[in-house]
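The values are calculated or read from the model by the stated rules, or taken from the named source; none is laboratory data. All values derive from a computational prediction rather than experimental measurement. Cβ atoms come from the backbone with ideal geometry, glycine included; neighbour counts cover every protein chain shown. Each accessible area value is taken on the protein alone, full model and side chains, heavy atoms only, with ligands, DNA and RNA left out. Shrake-Rupley method; radii C 1.70, N 1.55, O 1.52, S 1.80 Å.
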Amino acid sequence: MSDRAILDVPILDVTGIGVRFGGLNAVKDATFSLWPGEVLAIVGESGSGKTTLLRTLAGELAPDSGQALFRTRAGEVVDIPRLAEPQRRALARTEWGFVHQNPRDGLRMAVSAGGNVGERLMAAGARHWGHIRAEAAAWLARVEIDGSRIDDPPRVFSGGMQQRLQIARVLVTEPRLVLMDEPTGGLDVSVQARLLDLIRTLVGELGIAAIIVTHDLAVARLLADRMLVMQQGRIVEAGLTDQVLDDPQHPYSQLLVSSVLQA
Amino acid sequence: MTPKAAHDPDYNLGYLDEQTKRMIRRALLKAVAIPGYQVPFASREMPLAYGWGTGGMQVTAAVLGPDDVLKVIDQGADDTTNAVSIRRFFARVTGVRTTERTVEATVIQTRHRIPEQALTEGQIIVYQVPQPEPLRKLEPRETETRRMHALADYGLMHVKLYEDIARHGRITLSYDYPVLVNGRYVMAPSPIPSFDNPKMHHSPALQLFGAGREKRIYAIPPYTEVRSLDFEDHPFHPWRASNCCDLCGAADSYLDEVVTDDRGGRMFVCSDTDWCADRREAGHRGRLAGHALATPRADDPA
Ligand SMILES: Nc1ncnc2c1ncn2[C@@H]1O[C@H](COP(=O)(O)OP(=O)(O)OP(=O)(O)O)[C@@H](O)[C@H]1O
Ligand SMILES: [Mg+2]
């Protein structure tokens with residue numbers, strides 16, 4: 001699975017990222033790399049720092065230490081936490097995207113589905129209404145939202161549809177990295193399965209790199225090439241997904257895996 | 001034109017104290033230096049409720065000098081209660097000459113219109129602005145709209161226009177139509193009809209905007225690029241009723257529709273009363289020329 005990846009240079013190189021909230025070390029010394037086209041899962045219990053790490057990688061949170069070097073499409077290497085705000089916003093629209101656990105945080109609930117998908121295109125300078133519309137329609141089809149819903153606002157959509165719309169809204173500018181925070185959280189099981197399938201297909205087709213935060217080891221197993229296990233802000237284990245799940249080395253990973261198996 | 005007079009000695013010249021006028025002028029200078037950028041200012045109470053043009057009045061008070069000639073219009077008309085009372089107010093507290101003629105005015109305070117008569121160098125037009133933030137309806141958070149302006153992050157503005165076309169097949173927004181000023185800031189032109197938007201572009205006059213309740217001042221210096229936002233395949237097009245003025249016959253002015261009786265009788269008249277009167281004086285006649293609505297100018301001795 002990762003033969004191809006190993007040949008390339010990483011798209012993301014994270015070294016020694018630390019985030020403190022007052023006295024709390026929410027993320028400690030996070031170090032890992034991500035290769036183009038690779039899917040990485042971050043698992044760990046509630047409060048272990050997964051969301052905090054992800055938001056830092058999106059440039060939304062300033063870490064207290066460390067760097068996150070991102071290689072842009074143009075081949076330029078930028079340190080995400082040290083980007084100036086205009087540049088960070090520009091990259092956040094074109095080079096990466098963030099899928100929130102709660103669709104409310106990632107969608108404009110009063111704007112039509114088409115407008116939601118088109119926004120990133122317009123922000124990136126698209127000014128031809130017909131082209132924007134066609135692109136939005138194509139993306140709705142890709143995330144399996146019926147074309148007749150293009151002018152409906154997401155507040156009338158089901159949770160699964162909202163999540164798929166959020167994914168379309170992010171992928172429309174074909175980012176090279178997608179950060180997803182519990183994208184299937186809060187959905188019932190059959191809806192989850194369909195969404196996971198969709199994410200797997202799209203990530204595969206587009207060859208984008210993705211980091212997926214999840215509680216759910218089955219999600220990691222299904223989607224991820226590699227995984228990180230976090231405990232109390234620290235990455236305690238990293239490796240190929242199958243290896244970690246089948247033969248966990250760290251006691252906490254062992255506990256995590258066995259508790260799922262028992263459940 | 002009314003004659004120059006002494007101002008009411010019970011008030012400071014221009015009603016506001018010198019300190020406040022200076023503060024407003026400083027905000028105006030900054031606004032002129034950054035076309036389309038909303039400059040916060042410490043808005044004062046005026047003898048009028050917010051929403052009745054207190055922002056415009058404060059700007060007018062700060063720029064009026066003894067030799068100015070003031071014109072005040074409301075929806076294009078010089079003779080509405082609001083226009084008359086603001087004009088009288090400034091005549092009283094500044095003693096300046098007032099006029100209804102666009103060509104005579106050096107300062108024009110307006111609500112909802114730009115005069116049809118093209119403005120010229122040296123003139124100042126002051127707009128009364130209820131909501132200065134063009135992104136407000138789309139993004140209620142002030143911190144976020146400020147950031148959007150700072151980063152020229154205007155995708156959201158186009159989302160609004162996208163939605164309009166999706167819903168109606170065309171851009172139906174017909175007043176307070178957002179513009180991009182000097183290629184940099186998206187700006188609310190105040191609730192003027194989109195018909196008037198092209199008049200802002202490269203205007204030789206200085207355009208000042210005052211929002212009292214929202215405490216913002218902004219400006220367009222003379223000869224500045226002002227582009228109405230649109231899409232390549234849905235270009236901006238200023239809306240106007242296809243009729244002619246029933247009083248003066250004008251086919252290219254902005255018209256108000258007036259109900260004339262309770263049997264469905266209606267007529268279209270220029271919303272710019274000065275323009276219409278000028279045309280009638282020059283002999284232009286519309287379908288209902290001589291109608292009672294064709295009143296002479298109040299300040300005409302005739
Ligand atoms: N803005 C904040 N201010 C203060 N503390 C915070 C903040 N955000 C997160 N924390 C704390 O940092 C720690 C890590 O939180 P984080 O949200 O990253 O965990 P998580 O792994 O995503 O948990 P969950 O699985 O419940 O989403 C927690 O103790 C949390 O309370
Ligand atoms: Mg979380």
Filtering segment B:137-169 down to residues that are more than 10 Å from chain A (Cβ to nearest Cβ), surrounded by 12 or more Cβ atoms within 10 Å (Cβ to Cβ) and among the basic types (Lys, Arg) yields B:Arg146
List every residue pair whose Cβ atoms sit under 9 Å apart, with the two residues 6 or more apart in sequence or on different chains, where the first one lies in segment A:205-222 and is within 14 Å of chain B (Cβ to nearest Cβ) and under 17 Å from A:Ser33 (Cβ atoms) and the second, anywhere, is open to solvent by less than 60 Å² (accessible area, probe 1.4 Å) and within 13 Å of ligand 1 (Cβ to nearest atom).
none
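Table: residues versus (1) of a type outside the set (Asp, Glu); (2) open to solvent by 70 Å² or more (accessible area, probe 1.4 Å); (3) at pLDDT below 95.
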{"site": "A:Thr15", "(1), (2), (3)": "yes, no, no"}
{"site": "A:Phe21", "(1), (2), (3)": "yes, yes, no"}
{"site": "A:Asp29", "(1), (2), (3)": "no, yes, no"}
{"site": "A:Leu40", "(1), (2), (3)": "yes, no, no"}
Residues located in segment A:176-190, provided they are away from ligand 1 (no atom under 16 Å from the Cβ), within 18 Å of A:Leu165 (Cβ to Cβ) and open to solvent by 50 Å² or more (accessible area, probe 1.4 Å):
A:Asp188
Please specify each residue of segment A:36-50 satisfying the condition of being over 15 Å from the mean Cα position of the chain (by Cα) and either more than 9 Å from ligand 2 (Cβ to nearest atom) or within 12 Å of A:Met180 (Cα to Cα) (or both).
A:Gly44, A:Glu45
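For B:Pro198, are the conditions met, namely being surrounded by fewer than 22 Cβ atoms within 10 Å (Cβ to Cβ) and under 17 Å from the mean Cα position of the chain (by Cα)?
yes
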Looking only at segment A:93-133, filter to residues that are surrounded by fewer than 19 Cβ atoms within 10 Å (Cβ to Cβ) and part of a helix (DSSP H, G or I); which one of those is nearest to the other protein chains (Cβ to nearest Cβ)?
A:Gly130
Within segment A:77-100, identify whether any single residue is farther than 17 Å from A:Leu179 by Cβ and modelled with pLDDT of 95 or more, and answer yes or no.
yes
Does A:Leu69 satisfy the condition of being within 13 Å of ligand 2 (Cβ to nearest atom), modelled with pLDDT of 95 or more, closer than 25 Å to A:Leu206 by Cα and not in a loop (DSSP other than H, G, I, E, B)?
no
Criterion (modelled with pLDDT of 95 or more, open to solvent by 30 Å² or more (accessible area, probe 1.4 Å), closer than 25 Å to B:Pro191 by Cβ and polar (S, T, N, Q)) met by exactly one of B:Thr60, B:Thr102, B:Thr106:
B:Thr106
Looking for something within 14 Å of another protein chain (Cβ to nearest Cβ), surrounded by 15 or more Cβ atoms within 10 Å (Cβ to Cβ), within 18 Å of A:Ile211 (Cα to Cα) and away from ligand 2 (no atom under 16 Å from the Cβ) - is there at least one such residue anywhere in segment A:57-66?
yes
Quick one: would you say B:Pro134 is in contact (Cβ under 8 Å) with a residue 12 or more places away in the chain and either more than 8 Å from chain A (Cβ to nearest Cβ) or assigned to a loop (DSSP other than H, G, I, E, B) (or both)?
yes
Examine segment A:134-153 for a residue that is open to solvent by less than 30 Å² (accessible area, probe 1.4 Å), facing another protein chain (nearest Cβ under 8 Å) and free of Cβ contacts under 8 Å to residues at least 40 places away in the same chain, and state whether such a residue exists.
yes
Any chance B:Pro221 is open to solvent by 10 Å² or more (accessible area, probe 1.4 Å) and touching a strand residue (DSSP E or B) at 6+ places or on another chain (Cβ under 8 Å)
yes
Out of segment B:228-263, which residues are within 14 Å of chain A (Cβ to nearest Cβ), open to solvent by less than 60 Å² (accessible area, probe 1.4 Å) and assigned to a loop (DSSP other than H, G, I, E, B)?
B:Leu229, B:Asp230, B:Asp233, B:Phe236
Residues in segment B:218-227: is at least one outside any loop (DSSP other than H, G, I, E, B) and within 14 Å of chain A (Cβ to nearest Cβ)?
yes
Residues being open to solvent by 40 Å² or more (accessible area, probe 1.4 Å) and under 26 Å from B:Asn12 (Cβ atoms): count how many of those fall in segment B:74-88.
3
I'm told A:Pro10 meets every condition in (1) under 30 Å from A:Gly160 (Cβ atoms); (2) more than 16 Å from ligand 1 (Cβ to nearest atom); (3) assigned to a loop (DSSP other than H, G, I, E, B) except one. Can you identify the failing condition by its number?
(1)
